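Structure, as structure tokens:
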Amino acid sequence: MKLTEEEVRIIKKANKEKLGLSIITNWGCPFSCHYCIWKQLNYNISDVFGDLDKLDDILGLYHGKKINLSGGGDPLYNYMRFFISKVLLRTFKIAKNNNKKVDIHTRIILPARDLQTDIEKVIDTYVHKWVISFDDIESIEKIDWCNYKNKKVRLVYIIKPSDTLDKLKEMIKIVKALGFQLTFKELVYINKTLDKKYYDFLQEAKQELTEKGKIEVLFNNDYNIYYFPDSTLREKYTSAKKQRGKNKWNFGKR
């Protein structure tokens, strides 16, 4: 599948403005996060993934040093299924061939037995930062992180209107003790805007908590372009087309 003139324009814009590139998966998720945009947009879960030869062409033109593997669903959901593991392995190979690092945005915590699999070898080789989202401070403490000691991990927390600076500082203390990075992000609803008090709090948190290379607070600016399961490259996440049923998997010919 060839790149359209519009998609080439989007890549050139991303190169000029130094935008990130997210590859969106759509094969399911075991969680039900209240902030999930995919859920808010009502997109169906299905065995659909973007054409991988086309992804190879995109990465050949894209100048960024890394890409994000994200979702839709969770990219590691049912990761040992044949089709999914094959897509993941092929995606990592394409990234490596194009000299790209990969961030995996996931909430799946791999057990020790699965850290000895081929997937683990791929992650060690190609994935330099593992992004794990969590809902509250208690969930960080419940997770056994010992299997991730040799990984680069960045934890992501969606700031809620009920949060306080004291709570965020306590989270920072715990995450620093683990040796991980931490990103606080804005809560986004598609059809709802939170009140000014919430955004003032975000600004206060950004000014007080930011530490270069360790702690960051991000507002929801569209700083990515997106490769969707329908094999289209788009500038906006909300412009994805609904996917239904299954497609023929194209694992690439190169």
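The values are calculated or read from the model by the stated rules, or taken from the named source; none is laboratory data. Just so it is clear, the model here is predicted, and its values are computed rather than measured. Using ideal geometry, Cβ is built from the backbone for each residue, glycine included, and neighbour counts are taken over all protein chains shown.
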- prompt: If you check every pair at least six apart or on different chains, which have Cβ atoms under 6 Å apart with a residue in region 210-225 that is in contact (Cβ under 8 Å) with a residue 60 or more places away in the chain and among the hydroxyl-bearing types (Ser, Thr, Tyr) first and a residue that is surrounded by 14 or more Cβ atoms within 10 Å (Cβ to Cβ) and assigned to a strand (DSSP E or B) second?
  reply: Tyr223/Gly20
task: Give, as residue ranges, the strands (runs of 3 or more DSSP E) completely inside region 37-150 that count at least 1 residues that are of a type in the set (A, V, I, L, M, F, W, C), at pLDDT below 85 and in contact with a Phe, Trp or Tyr (Cβ under 9 Å, 6 or more places away or on another chain).
output: 101-106, 127-134
- line: Taking first residues from region 66-88 that are closer than 14 Å to Pro229 by Cα and among the hydrophobic types (A, V, I, L, M, F, W, C) and second residues anywhere that are modelled with pLDDT under 80 and buried (at least 23 other Cβ atoms within 10 Å of the Cβ), the pairs with Cβ under 8 Å that are 6 or more apart or on different chains are Val87/Phe49
message: With the structure loaded, tell me whether Lys253 is modelled with pLDDT under 85, in contact with an Asp or Glu (Cβ under 7 Å, 6 or more places away or on another chain) and in the same structural domain as Thr91 (by TED's automatic domain parsing) or whether it fails that test.
response: no
